[in-house]
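To keep things clear, I will list the structure first and then write my remarks on it.
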Amino acid sequence: MDSILLDTSFCIRLLKSNDELHRNAKDYFKYFLENEMEIFISSIVIAEYSVKDDPKNLPLEFVKIIPFDYFDGKTAGEFHSILLDHKEQVANIERNVIKDDCKLMAQLFNRKIHGYITKDRKSFNQIIAPLQATNGFNIELLDLEIPLKNFKGELF
């Protein structure tokens, strides 16, 4: 994995020092930097983050900002259409969450970003898995709730 897209849930935990997942977020971010990964953040994530905090607080000097463009919109619409065929899987997820996740998945797909880190486990199986199965794209999903040492397979 040489590139990663940060989810809003990751950004919140990275900057909220009293959050139970703050340490995990810091460890992963440090790992991404040390391994010279391309770190991406979507303009969609910036918009979501801005609801509760000033986006100037985000580590923008270390990330590449991805604007949401025409091609992302087209792909996101196709992805949302796929999920409509899997209504039972996404029945308990808010419609706005589905739309925003489709937008982020479109950006991952269109830019061939290899990894995605989020705290939202529901999206792994309910949103991302059907899109991967239908479109044949593969991304490495990192669960923010799993400490970096476990992700790397370290014992201590």
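The values are calculated or read from the model by the stated rules, or taken from the named source; none is laboratory data. Not measured: the values here are computed from a predicted model. Here the Cβ positions follow ideal geometry from the backbone for every residue, glycine too, while neighbour counts run over all protein chains shown.
On the basis of being in contact (Cβ under 8 Å) with a residue 60 or more places away in the chain, part of a helix (DSSP H, G or I) and out of contact with any Leu (no Cβ under 6 Å at 6 or more places or on another chain), does S81 make the cut?
Criteria not met by S81.
Out of all the residues in the stretch 13-25, is one or more closer than 21 Å to A106 by Cβ, in contact with an Asp or Glu (Cβ under 7 Å, 6 or more places away or on another chain), modelled with pLDDT of 95 or more and not polar (S, T, N, Q)?
The answer is no, given that none of the residues of the stretch 13-25 is closer than 21 Å to A106 by Cβ, in contact with an Asp or Glu (Cβ under 7 Å, 6 or more places away or on another chain), modelled with pLDDT of 95 or more and not polar (S, T, N, Q).
Looking at the stretch 91-156, what helices (runs of 4 or more DSSP H) fall wholly within it and have at least 3 residues that are within 11 Å of the chain's Cα centre (by Cα) and at pLDDT 75 or above?
Filter on the stretch 91-156 gives 95-111.
For residues that are assigned to a loop (DSSP other than H, G, I, E, B) and touching a residue at least 40 places away in the same chain (Cβ under 8 Å), scanning just the stretch 1-36, find the one that is nearest to L148 (Cα to Cα).
Of everything passing the filter in the stretch 1-36, L21 is nearest to L148 (Cα to Cα).
Applying the selection to the stretch 59-82, what residues are over 25 Å from G136 (Cα atoms) and over 15 Å from the mean Cα position of the chain (by Cα)?
P59, L60, E61, F62
If V45 passes every condition in (1) over 24 Å from R111 (Cα atoms); (2) surrounded by 13 or more Cβ atoms within 10 Å (Cβ to Cβ); (3) not small (G, A, S) but one, which one does it miss?
(1)
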